[in-house]
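Written below as structure tokens is the structure these notes are about.
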Amino acid sequence: MNPPAAAGTVDRVLRILETLAGAPEGMPLAALADELALPRSACHRLLADLVRCGYAQQLRAQGDYALTTKLAAVGLGFLGSAGIVDIAQPIIDRVAAASGELVRLALVDGDRLTFVAKSQGARSGLRYDADMGIDVRLSCSAGGHAWLMTLSEERATELVAKQGFGDAKTFGPKAPVSFRALIAILEQDRQRGFSMISEMYAPGMTAMAAPVLRRGREAIAVITIAGPMQRLTEARMLELGPSLVAAAAELAMASATSPLFASARQR
């Protein structure tokens, strides 16, 4: 049974938005249509609608298309109304100041894990900072491991199989590329109480994460610390572990006041 035409249009629009979100410099119509396997005429009509509604812009006459800030403003407005910033920001600011590294919060949203808040603790020297709003790569990220370690082996492998493994050419040279390797890492994380990675997500980068647990069982979010491996060493991560776990517990206690956290718990 074919989906209704309206559903197909919505799917195409969302795919255009997601693709342009990864190309802040803009994309030519032809390249966008080819990447999404859309007829160029249909792609042009949808882009024209996005431009008319203020979500996209044409950088110059007959030139590339790019997103405006309207979509980001909608997302930030949603997070603000949901109370995420009010709840999480003071806690992640404190962890960032204590660690001197980048601290982020990612929410569990169905089968996805998405960064929604951050605080940069590094004031000088090397800084690690990733794009916000992206879906977390579960197989090779500290945040992904912190979530997966709370799940059954069956559920964890299901989520990773759906998303795919991180490629060492795209991510870090130590990214696990088999379920056996990943499960062994998750078991170590469980024993430790938080995840730790070194050059799995990106070369020269280390990170750690702790799950925000509802009633001590179900993860509704994760809090992460990431930085350059010269500074965020294994010894340093082990030192920061207890305070990161404590921050995750504090976030769990405060989560009841946020409707977005509440909806995550009900999924």
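Tell me yes or no: at least one residue of segment 196-210 is part of a helix (DSSP H, G or I) and either under 16 Å from the mean Cα position of the chain (by Cα) or more than 18 Å from Leu113 (Cβ to Cβ) (or both).
No - not one qualifying residue is present in segment 196-210.
Which one is farthest from Arg215 (Cα to Cα) among residues in segment 138-152 that are under 13 Å from the mean Cα position of the chain (by Cα) and of a type outside the set (Gly, Ala, Ser)?
Looking at the filtered set, the residue picked out is Cys140.
Has segment 119-132 got at least one residue that is under 24 Å from Glu218 (Cα atoms) and either outside any strand (DSSP E or B) or at pLDDT below 80 (or both)?
Among the residues of segment 119-132, at least one is under 24 Å from Glu218 (Cα atoms) and either outside any strand (DSSP E or B) or at pLDDT below 80 (or both), which makes the answer yes.
Please identify the pairs in which a residue from segment 110-126 that is assigned by TED's automatic domain parsing to the domain that holds Ile220 has its Cβ atom under 8 Å from the Cβ atom of a residue that is part of a strand (DSSP E or B) and at pLDDT below 85, counting only partners at least 6 apart or on another chain.
From segment 110-126, the pairs are Arg112/Asp135; Leu113/Asp135; Thr114/Asp135.
Please list, ordered by first then second residue, the pairs with beta carbon atoms under 7 Å, 6 or more apart or interchain, first in segment 19-40 and farther than 12 Å from Asp64 by Cα, second part of a strand (DSSP E or B).
That search, which allows pairs on different chains as well, returns Ala21/Leu67.
Tell me, which residue of segment 170-185 that is of a type in the set (Gly, Ala, Ser) and either outside any helix (DSSP H, G or I) or not assigned by TED's automatic domain parsing to the domain that holds Glu153 (or both) is farthest from Arg155 (Cα to Cα)?
Among those residues, the one meeting the criterion is Gly172.
Working only within segment 186-218, note down all residues that are touching a residue at least 60 places away in the same chain (Cβ under 8 Å), closer than 21 Å to Met253 by Cα and either surrounded by fewer than 24 Cβ atoms within 10 Å (Cβ to Cβ) or outside the structural domain of Val95 (by TED's automatic domain parsing) (or both).
Leu213, Arg217, Glu218 - these are the residues of segment 186-218 that are touching a residue at least 60 places away in the same chain (Cβ under 8 Å), closer than 21 Å to Met253 by Cα and either surrounded by fewer than 24 Cβ atoms within 10 Å (Cβ to Cβ) or outside the structural domain of Val95 (by TED's automatic domain parsing) (or both).
Which residue is modelled with the lowest pLDDT, if the candidates are limited to segment 251-267 and must be buried (at least 18 other Cβ atoms within 10 Å of the Cβ) and assigned to a helix (DSSP H, G or I)?
Filtering segment 251-267 down to residues buried (at least 18 other Cβ atoms within 10 Å of the Cβ) leaves 251-252, 255, 258, 260-261, 264.
Cutting the leftovers down to assigned to a helix (DSSP H, G or I) gives us 251-252, 255, 260-261, 264.
On the way: Leu251: 90, Ala252: 88, Ser255: 70, Leu260: 55, Phe261: 57, Ala264: 52.
Ranking the qualifying residues of segment 251-267, first place goes to Ala264.
The values are calculated or read from the model by the stated rules, or taken from the named source; none is laboratory data. Note that the structure is a prediction, hence the values are computed from the model and not measured. Reconstructed Cβ throughout: ideal geometry from the backbone, glycine too, with neighbour counts over all protein chains shown.
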